[in-house]
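Okay, so here's the structure we're looking at.
What follows is calculated from the coordinates using simple rules that are stated; it is not laboratory data. What you are looking at is a predicted structure, and each value in this text was computed from that prediction instead of being measured. Reconstructed Cβ throughout: ideal geometry from the backbone, glycine too, with neighbour counts over all protein chains shown.
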Amino acid sequence: MQTHRFNTGLKNRYISLSFTGYSMYPALRPGDILITQKIPAEKLCPGDIISYQKKGRYLVHRVIGTKKGTEKRDKCFPEIRIQTKGDNMLHRDPEQLSARTECLKVILIRRKKKLIRPGFGPCLAFLSRCNLTPGIMISRINRYIKKIYIR
C-alpha cells in the first residue's frame, strides 16, 4: 500500500493510501485511493473504516467495537480497546488496538473518477460482527451453489 502525505492548507493533515486486497470488499476495492485523517482512538466509533500500521504494513479494516476501561494507567492514554475486522473476513482481528495506536480514519474513497464518502458505518459494523456483509454472503451462496451442482 503506497502512502502519500499532503497538506491542503488547512490545519488538518490528510494522508492518501492506495488500497490493495479484498478484505474490505465490496466497500473497498483494489485500486481505490483512500483519503485518511489522523484521529484520536477515543473518537472512533463502530462502523468507522480505519488504517493502522502493523509490522511495517498498513492495514485497513472496520471498527466493530470499542471498549472504554474504568482504570487509567497512563494520564495521556486512557484505557481504550478497539476491535477491528475486515468486512470480507470471517473472523475479527485477533489483537485489539489500544489508545496508543496511531489510527487514520478513512474520510473519502476515490474510485476511478468518483469521490465516495463511507456510509452506513454502524449498520455495516453490526453486519460484519454477524458475518452478514455482502462479500461473505456472496461467497456462502457460491459455495452452496457449487455443492448443489457437484452432486
Quick calc: nm separation of the 7 Å Cα→Cβ label points for THR20 and ILE145 -> 2.9 nm
Between the modelled labels at LYS68 and LYS112 (7 Å from Cα along Cα→Cβ) the distance in nm is 4.2 nm
Spelling it out for ASP32: with amide H atoms placed in the peptide plane at 1.01 Å from N, the residues 5 or more places away or on another chain with amide H under 5 Å from its amide H are PHE19
Set LYS38/LYS113; LYS85/LYS113; LYS85/LYS147; LYS43/LYS113; LYS85/LYS146; LYS38/LYS105, cut-off 18 Å on Cα-Cα distance; pairs above it are LYS38/LYS113; LYS85/LYS113; LYS85/LYS147; LYS43/LYS113; LYS85/LYS146
In whole Hz, the Karplus estimates of ³J(HN,Hα) for the stretch 37-44 (6.51, -1.76, 1.60; θ = phi - 60°; x where Gly or Pro) are 9, 5, 8, x, 4, 5, 9, 6
